[in-house]
Amino acid sequence: MPVTTIDGHRIHVDEEGFLTSYDEWSPELAERLAAQIGVTLTDAHWKALTFLRQDYARQGETATLRRVSTQGGIPVKELFTLFPKKPAKKMAYIAGLPKPHGCV
Amino acid sequence: MTTDAGPAIVPDFDDQQNSGRKLAIICSKGNLDMAYPGLVLANAALGEGVETHLFFTFWGFDMITKSRMGQLKFTMLGNTATHLPQGLGGLPGMTTMATHQMRKQIAGIGIPEVPEFLDQIVASGGHLWACRMSADMMRLGLDDLYDGVEDIISAADFIEKTDGAQLLFI
């Protein structure tokens, strides 16, 4: 498993760069991760990220877009605005979680 | 196991690469089991940032007809993949039972019903088009169709709109 250094934090990631260790994430790190992919975090982004982190802790897998919308209460359309083009992957990356695997 | 890290490893979300990639899906079947493949693939493509267009034609028109879209059915008849004797499918009530069972299974894995699935596709930026010939055959107008349908267009219009797209016929 590769180790990378972001903003002085040494973190474990998979080959693509997604964090592999739930506890190596912090809100400060999220700001840096977001900046790397051109996203500036606002309260609306944080609502999604917080849901993702909590849901992962409960379910053991990363929520799909549909789950973030139905369980997290954030409309799909808004998610595409907050995390353009590939919202599910981008959210997961910033939240320090694996890519979601669900089909819908 | 841990080597010293060089430059930061950041996922390549490749926003640029997909600009220009398009997917066109022609939905021509109105059976419950044939509705889902197109919807799932459209949803997946949209989630990857791919411009996606769906064209509903022939029996696929049921998927976007307000009065029918919530009542698509699944039949065992002619479907050997159910692995049950074909004769069973012809018994009274079997289509209702098979449909009920499939709906339960689909809901059980968190997949929405067809109308709600279309909501999600539209919210994700997907384009829905109704086939002109099917609308004429069934004497239906835009008012009879799901609100997210952008227009009733001819096959030629659809081909024009999806110039350069990868195409799926279901």
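The values are calculated or read from the model by the stated rules, or taken from the named source; none is laboratory data. All of these numbers come straight from a predicted model, not from anything done at the bench. A quick note on method: Cβ atoms are made from the backbone with ideal geometry, for glycine too, and the neighbour counts reach across all protein chains shown.
Inside the stretch A:65-104, can you point out the residues that are among the β-branched types (Val, Ile, Thr) and not in a loop (DSSP other than H, G, I, E, B)? Within the stretch A:65-104, A:Val68, A:Thr70, A:Val76, A:Thr81, A:Ile94 qualify.
Within the stretch A:1-36, restricting attention to residues that are among the aliphatic types (A, V, I, L, M) and over 25 Å from A:Glu78 (Cβ atoms), the residue that is nearest to the chain's Cα centre (by Cα) is A:Val13.
Quick grid of which residues meet (1) more than 30 Å from A:Arg66 (Cα to Cα); (2) surrounded by fewer than 19 Cβ atoms within 10 Å (Cβ to Cβ); (3) acidic (Asp, Glu):
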{"position": "B:Gln120", "(1), (2), (3)": "no, no, no"}
{"position": "B:Ala123", "(1), (2), (3)": "no, yes, no"}
{"position": "B:Asp143", "(1), (2), (3)": "no, yes, yes"}
{"position": "B:Asp157", "(1), (2), (3)": "yes, yes, yes"}
{"position": "B:Glu160", "(1), (2), (3)": "yes, yes, yes"}
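Please find, within the stretch B:125-141, the residue that is surrounded by the fewest Cβ atoms within 10 Å (Cβ to Cβ) out of those that are in a loop (DSSP other than H, G, I, E, B) and either of a type in the set (S, T, N, Q) or more than 17 Å from the chain's Cα centre (by Cα) (or both).
B:Arg139
Look at the stretch A:80-98: where a residue is buried (at least 22 other Cβ atoms within 10 Å of the Cβ) and a partner is part of a helix (DSSP H, G or I) and charged (D, E, K, R), sitting 6+ places away or on another chain with Cβ atoms under 6 Å, you get A:Phe83/A:Lys90; A:Ala95/A:Arg53. For A:Ala63, the stated conditions do not hold, so it cannot be described as surrounded by 14 or more Cβ atoms within 10 Å (Cβ to Cβ), free of Cβ contacts under 8 Å to residues at least 12 places away in the same chain and hydrophobic (A, V, I, L, M, F, W, C).
Among the criteria (1) within 11 Å of another protein chain (Cβ to nearest Cβ); (2) over 16 Å from A:Glu28 (Cα atoms); (3) over 9 Å from the mean Cα position of the chain (by Cα), the one A:Val39 does not fulfil is (2).
As a summary of the residue check, A:Thr40 satisfies the conditions (1) out of contact with any Phe, Trp or Tyr (no Cβ under 8 Å at 6 or more places or on another chain); (2) over 30 Å from B:Ile106 (Cβ atoms); (3) surrounded by 15 or more Cβ atoms within 10 Å (Cβ to Cβ); (4) not charged (D, E, K, R) except for the one numbered (3).
Just one of the listed residues (A:Ala48, A:Ala57, A:Ala95, A:Ala44) is in contact with a Lys or Arg (Cβ under 6 Å, 6 or more places away or on another chain), more than 10 Å from chain B (Cβ to nearest Cβ) and of a type in the set (A, V, I, L, M, F, W, C), and it is A:Ala95. Can you name every residue in the stretch B:1-43 that is at the interface with chain A (Cβ under 9 Å from one of its Cβ atoms) and modelled with pLDDT of 80 or more? Passing the criteria: B:Ile9, B:Val10, B:Pro11, B:Asp12, B:Phe13, B:Leu39, B:Val40, B:Asn43.
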